[in-house]
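Here, each number is a calculation from the coordinates, and none is a lab measurement. Every value quoted in this text rests on a predicted model; they were computed, and no experiment measured them. Here Cβ is always computed from backbone atoms with ideal geometry, including for glycine, and neighbour counts include all displayed protein chains.
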Amino acid sequence: MGGLGLIKSLAEKERELLARLEAARKEAEDLLRRAEAEARALLEEAEAKAKALEAEYREKEQKETEAILARYRAQAEAEAKAVREKAGPRLEEALALVLKEVLP
């Protein structure tokens, strides 16, 4: 009978080890699922931050470009005004000379 008790004991130990192995496998699968979910969340957060930074950069770039264009426009308008102011009297003089030559 001692052999039968040993077989029962070994079978009991084997069932216990199989149950522990199954529990460890389930725990490992659960840990893996949680790690994958956390990795997805981190990736989504990083992508959202990257999109926000890109949008911020584009907005900043657009504002800087508009400021540069406004500065050059103002400078061009000022130069054009200065040229018109200088050219006005000269144009009148030239027109008077042409009229003097053409009309008796």
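Across the alpha-carbon atoms of the chain, the computed radius of gyration and Dmax are 44.0, 150 angstrom. Here each label is just a point 7 Å from Cα along the line to Cβ, and for residue 70 and residue 87 those points are 2.8 nm apart.
Per residue, the convex hull spanned by the alpha carbons of segment 11-63 comes to 27 Å³.
The gain in end-to-end length when the residue 38 to residue 95 segment is fully stretched comes to 12.3 nm, 0.36 nm per residue minus the alpha carbon separation. Within the shell defined by Cβ-Cβ distances under 13 Å, the residues around residue 35 carry a net charge of -2, with Lys and Arg each +1 and Asp and Glu each -1.
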